[in-house]
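Heads up, the thing below is written out as structure tokens.
The values are calculated or read from the model by the stated rules, or taken from the named source; none is laboratory data. Note that this is a predicted model, so its numbers are computed, not measured. Heads up, the Cβs are rebuilt from the backbone with ideal geometry, glycines too, and the neighbour counts pull from every protein chain shown.
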Amino acid sequence: MSDDDVQLEARLEEQEVFEPPESFVEQANVNDEAIYEEFDENWPDAWERAAELLDWEEEWDQVLDDSDAPFYEWFVDGELNASANCLDRHLADRGDEAAIEWIGELGEKRTYTYDDLHREVNEFAAALRDLGVEEDDVVTMYMPMIPELPIAMLACARIGAPHSVVFAGFSADALATRMESADSEFLVTCDGYYRRGDPLEHKGKADEGLDDVGHDVETIVVDRLDDDYDHPMKAGEHDYDELVAEYAGAEVDPVTRDAEDMLFLMYTSGTTGQPKGVKHTTGGYLSYAAWTSQSVLDIKPDDTYWCSADIGWITGHSYIVYGPLALGTTTVMYEGTPDYPDKDRLWQIVEDYDVTQLYTAPTAIRAFMKWGKEYPEQHDLSSLRLLGTVGEPINPRAWKWYYKHIGREECPVVDTWWQTETGGMMLTTLPGVGDMKPGSAGPPLPGISADIVDVGGDPVEAGRAGYLVVNKPWPGMLRTLYKNDERFIDEYWDEYSNPDRDEWVYFPEDGAKIDDDGYITVLGRVDDVLNVSGHRLGTMEIESAIVGVEGVAEAAVVGGNHEIKGEAVYAYVITEDGYDETEELRDRIIEGVEDAIGPIARPEQVIFTPELPKTRSGKIMRRLLEDIANGDELGNTSTLRNPDVVEDIEAKVRGD
Ligand code: PRX
């Protein structure tokens, strides 16, 4: 490192507050801090600002109906269609401009202009309708990052059929559970895709999942691999390209949807083994996705914006598809991995496409850091104007690396905290307004009211850890868990018993602390949910997969620190009588988890133990297991029924 570099590193190391760059502020969509006050003084009507970003067929009569809290309704009696908002209304001005720039892993490129996208969405919508998809039927999509995925989503939105996208890395079992739970009779999938240059077969997994679905399913298959993989079509299956060709030129009028009609379902992990079907609506969700895309990601129609998440997660729904397309910008989609064919792949794409905003995850940033600054340095990244992160806490070192080596100290970094359930961003600085504090997401967005409270619901002092709560509803919020209102209330809502506060309060299940400036640092989940590489996984789901393996009597899963993944899965396993602690059993356990959930949930370590540390009342001491996984000093073990087991487990984890 040169002397200059060393000095710069030292300065960055010490700096705790970063002002938004002047050049950014001048052009920012939002650059007046008065917006916070406007929302405070004029709440909830100030939210009309978000709804006004969309075209409505019928304007709302009421901004918020809270008469049946916590079943809130937004933009009551408003009517609109999400696909018309993402496509049709841009055609006059932006028909020839790129809506999607897609880059395949092998280097293929496809550009869909707004005209192209509109055409294909219409054709596929017509095909879906003729296949029997009716308004309110849930259509499942089990596809990787190929353009047909957003096309299918928008085609469903056009005909008023909610979609349920299942991440392609999830297993056959996970697909079946989600299709069963949503009573979904339609599936759009593909033959396979490319990973690190090799074709990866996918259809077999879909077939296996379908075998476990108790009702008939109409399946459409996209041919992604051409001749690299021959997939014989079965009876009752349809080829995507043939369908679209058959309906060439077809036009389908966008179906008028009520603001509160379901736009999509998204399954996510919770405390119990059963995934939760989060319901998002057409009016509130889309308004919120558009508003946060505009105010936080600073999206303008002429931008080439890139969110490197997968559309199989909420980040991709809100910030690859709905937010950016609602604003009529160009959204980049990349099929593959960031280090194929080399570790500069992302930077090559930024340079090739003059990407203006990059929104990625801390786990990726940690990997870039490890690979070294020489990779971004090989490319011209000067087109970048803003950087964002999402999915897990980002440590100040990674934040500063991103700011310096990717953003050239000229781009604000927005650290955005939110969840599948919130539909869009909740805590973050506004990039043209607020100072940035690495490691802290920032204050709640205008109109969002959040606090850090103790177990009794009382706010804790600045600097102390507590539970994050959201005190007021917001347009992007989930409306319920699919067909399970009771679980929706149980899992998320609490009505304060304090007579001074009779409002419903939303619990995101995250721990956090707040500083004197109102900046919130999110510390991590307080329930039994892990965050592995920004992917949310329920420990119960993993445990039930493990105890389903022959030879396993009991299992406890916890998260341990991991340099790149943030958290990694540690599985403590007791074997059944008559079964030995063998490598073969270990392999079957790993396979069992991959089959039940997918490779993302693969345990980092499987530790066999004769017993699990338990309290006298028989509760597993997970905290202790976490400390062991992290090599931390152990807390008090005197309350254990079986303290001797601890040393034994520690020795095993250390590999003694
Ligand atoms: O623990 C928080 C963490 O991710 C959880 C939500 O996961 P999911 O529903 O899969 O959505 C991820 C993408 C929005 C949260 O409860 N999380 C998300 N963003 C951040 C975060 N933790 C800290 N900082 C963030 N910026």
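Summary of values
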| read-out | value |
| --- | --- |
| Output for the stretch 610-619, where each listed residue is in a loop (DSSP other than H, G, I, E, B) and surrounded by 13 or more Cβ atoms within 10 Å (Cβ to Cβ) | Glu611, Leu612, Pro613 |
| Extreme residue, farthest from the ligand (Cβ to nearest atom), among residues of the stretch 533-556 that are out of contact with any Gly (no Cβ under 7 Å at 6 or more places or on another chain) and assigned to a strand (DSSP E or B) | Ala553 |
| Segments classed as helices (runs of 4 or more DSSP H), wholly inside the stretch 73-141, with at least 1 members that are of a type in the set (A, V, I, L, M, F, W, C) and in contact with a Lys or Arg (Cβ under 8 Å, 6 or more places away or on another chain) | 82-86, 114-130 |
| Test: residue in the stretch 410-428 that is assigned to a strand (DSSP E or B) and over 24 Å from Trp47 (Cβ atoms) | yes |
| Among the candidates Ile628, Ile649, Ile600, Ile607, residue that is over 28 Å from the mean Cα position of the chain (by Cα), over 19 Å from Val552 (Cα atoms) and surrounded by 15 or more Cβ atoms within 10 Å (Cβ to Cβ) | Ile628 |
| Options Thr292, Thr304: the member that is surrounded by fewer than 24 Cβ atoms within 10 Å (Cβ to Cβ) and modelled with pLDDT of 95 or more | Thr304 |
| Hey, Thr389 polar (S, T, N, Q), assigned to a loop (DSSP other than H, G, I, E, B), within 15 Å of the ligand (Cβ to nearest atom) and in contact (Cβ under 8 Å) with a residue 24 or more places away in the chain or not | no |
| One residue from Ser293, Ser318, Ser308 being among the small types (Gly, Ala, Ser) and either free of Cβ contacts under 8 Å to residues at least 24 places away in the same chain or in contact with a strand residue (DSSP E or B) (Cβ under 6 Å, 6 or more places away or on another chain) (or both) | Ser308 |
| Flag if His317 is in a strand (DSSP E or B), modelled with pLDDT of 95 or more, within 13 Å of the ligand (Cβ to nearest atom) and of a type outside the set (Lys, Arg) | no |
| Any hit, the stretch 460-475, residues being in a loop (DSSP other than H, G, I, E, B), within 16 Å of the ligand (Cβ to nearest atom) and either surrounded by fewer than 22 Cβ atoms within 10 Å (Cβ to Cβ) or free of Cβ contacts under 8 Å to residues at least 24 places away in the same chain (or both) | yes |
| Checking Glu108 against (1) of a type in the set (Asp, Glu); (2) within 17 Å of Asp352 (Cα to Cα); (3) buried (at least 19 other Cβ atoms within 10 Å of the Cβ), the condition it does not meet | (3) |
| Extreme residue, farthest from the ligand (Cβ to nearest atom), among residues of the stretch 291-314 that are under 13 Å from Thr331 (Cβ atoms) and in contact with a Pro (Cβ under 9 Å, 6 or more places away or on another chain) | Asp303 |
| Of all residues making up the stretch 533-554, the number that are surrounded by fewer than 21 Cβ atoms within 10 Å (Cβ to Cβ), on the phi < 0 side of the Ramachandran plot and under 18 Å from the mean Cα position of the chain (by Cα) | 1 |
| Filter result for the condition that a residue is within 16 Å of the ligand (Cβ to nearest atom) and assigned by TED's automatic domain parsing to the domain that holds Tyr319, over Trp417, Trp371, Trp401, Trp347 | Trp417 |
| Filter pass, Tyr114 being closer than 28 Å to Ile597 by Cα, at pLDDT 95 or above and of a type in the set (Phe, Trp, Tyr) | no |
| Filter result for Glu581 (in contact with a strand residue (DSSP E or B) (Cβ under 8 Å, 6 or more places away or on another chain), over 17 Å from Arg623 (Cα atoms), in contact (Cβ under 8 Å) with a residue 24 or more places away in the chain and part of a loop (DSSP other than H, G, I, E, B)) | yes |
| Helices (runs of 4 or more DSSP H) contained entirely in the stretch 1-53, each with at least 3 residues that are at pLDDT below 95 | 3-14 |
| Odd one out for Pro431 among (1) within 16 Å of the ligand (Cβ to nearest atom); (2) out of contact with any helix residue (DSSP H, G or I) (no Cβ under 7 Å at 6 or more places or on another chain); (3) in contact (Cβ under 8 Å) with a residue 40 or more places away in the chain | (2) |
| Number of the exception - Arg366 against (1) in a helix (DSSP H, G or I); (2) among the basic types (Lys, Arg); (3) farther than 23 Å from Thr416 by Cα | (3) |
| Qualifying residues in the stretch 325-351 (those that are touching a Phe, Trp or Tyr at 6+ places or on another chain (Cβ under 7 Å) and assigned to a loop (DSSP other than H, G, I, E, B)) - the one surrounded by the most Cβ atoms within 10 Å (Cβ to Cβ) | Thr329 |
